[in-house]
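Asker: Okay, here's the structure, questions in a sec.
Read-outs: derived from the displayed coordinates by stated rules, not from any lab. Computed from a predicted model, the values in this text were never measured in an experiment. So basically every Cβ, Gly included, is an ideal-geometry build from the backbone, and we count neighbours across all protein chains shown.
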Amino acid sequence: MKKLVVLSGAGMSAESGLRTFREMGGLWEEYDVYEVASPGGWEKDRSLVLRFYNERRKQLLETEPNRGHLDLVELEQDFEVWIVTQNVDDLHERAGSSRILHLHGELLKSRSTLDPNLVYDVDGWKLEEGDLCEKGSQLRPHIVWFGEAVPAIEEAARIVSEADIFVIIGTSMNVYPAAGLINYVPDSAPIYVIDPNEVPIAGHQRIRIIQKGAGEGVQVLIDELRNA
Ligand code: OAD
């Protein structure tokens, strides 16, 4: 079976009702990235950071996968599909995708501030000051913040380097190292981009732009792959 690798971003979940980051009305317009999503912000005001992610978690628990997530599962009938996602939501999982790698962590999990190997499921939507790991240190959101290393990037690069088809969905390709994964796509693999807006990807041949939202766009992708 051919390997189809998807790199997804916030736009993948937009039609489920979750806000993207950099568009008009996006999260980074309302919040200062440094304040809520960096180690410095955590040092400065833990309760603000916890509140920010609690709010995200609460919203996530009220949303459902959209047609785009569900149709990516359908592609598993014809391809070995790998989802490399920058999203911290669990909508690919809930849709039923089999192979998912989270680059930027997972919103429904917490992690020890003492031992990064201690990762837990968050009970409900609230993670609060005083919630401790088994070694007695404060729990933090299991999110890769700005300025932190991306532990899954090597595995992601390996997966992308084995792609027969590469599909980019709903990411502005602004954040590295995730955006750099495109450089690992084999020369022989076609690249599809599904996004209603223009995405800056220069210098690549074999790019097919599907300028649509994720739901409609994945349907177009499936049709084109079936007729290829
Ligand atoms: P961005 O907010 O930067 O980009 C969202 C992309 O989704 C844009 O290209 C939009 O045009 C597109 N989009 C909007 N609606 C869409 C729809 N219905 N269907 C498909 N695409 C749509 O989000 P990311 O690229 O994911 O990191 O941002 C990358 C990282 O920056 C995030 O993982 C997050 C953020 O800061 C952390 O928080 C660590």
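Asker: Where both partners of a DSSP beta bridge lie in the chain, what percent of those bridges are antiparallel, to the nearest 5? Could you put the intermediate results ahead of the total?
Answerer: Values: 9 of 31 bridges.
Of the beta bridges lying entirely in the chain, close to 30 percent run antiparallel.
Asker: Of the residues Gln86, Gln138, Gln77, which exhibits the maximal mean-square fluctuation in a Gaussian network model of the chain defined by a 10 Å Cα contact cut-off?
Answerer: Gln77
Asker: Next question. So how far, in whole Å, is the C-alpha centre of region 1-71 from the one of region 143-209?
Answerer: Answer, in whole Å: 18.
Asker: Which longest uninterrupted range of the chain lacks any GluC sites (Glu not before Pro) assigned by DSSP to a loop state (not H, G, I, E or B) and surrounded by at most 16 other Cβ atoms within 10 Å?
Answerer: Working: sites that count: Glu23, Glu62, Glu128, Glu129, Glu134, Glu148, Glu162, Glu198.
Looking at the chain, 63-127 is the longest stretch - no exposed GluC sites (Glu not before Pro) with at most 16 other Cβ atoms within 10 Å.
Asker: I've got another one for you. Which residue, Thr85, Thr63, Thr20, has the most motion in a Gaussian network model of the chain that connects Cα atoms within less than 10 Å?
Answerer: Maximum fluctuation in the GNM of the chain, among the listed residues, is at Thr63.
Asker: With Cβ to Cβ distances under 15 Å as the rule, what net charge do the other residues near Asn227 carry (K, R +1; D, E -1)?
Answerer: The answer is -1.
Asker: Would you please give the residues with an amide H less than 5 Å from that of Ile83, counting only those at least 5 places away or on a separate chain, with H modeled from the backbone geometry?
Answerer: Val6, Arg99, Ile100, Leu101
Asker: Only four residue types carry charge here, +1 at the Cβ of Lys and Arg and -1 at the Cβ of Asp and Glu. Report the dipole size of the chain about the Cα centre in Debye, rounded to the nearest 20.
Answerer: Charge dipole of the chain: 200 debye, to the nearest 20.
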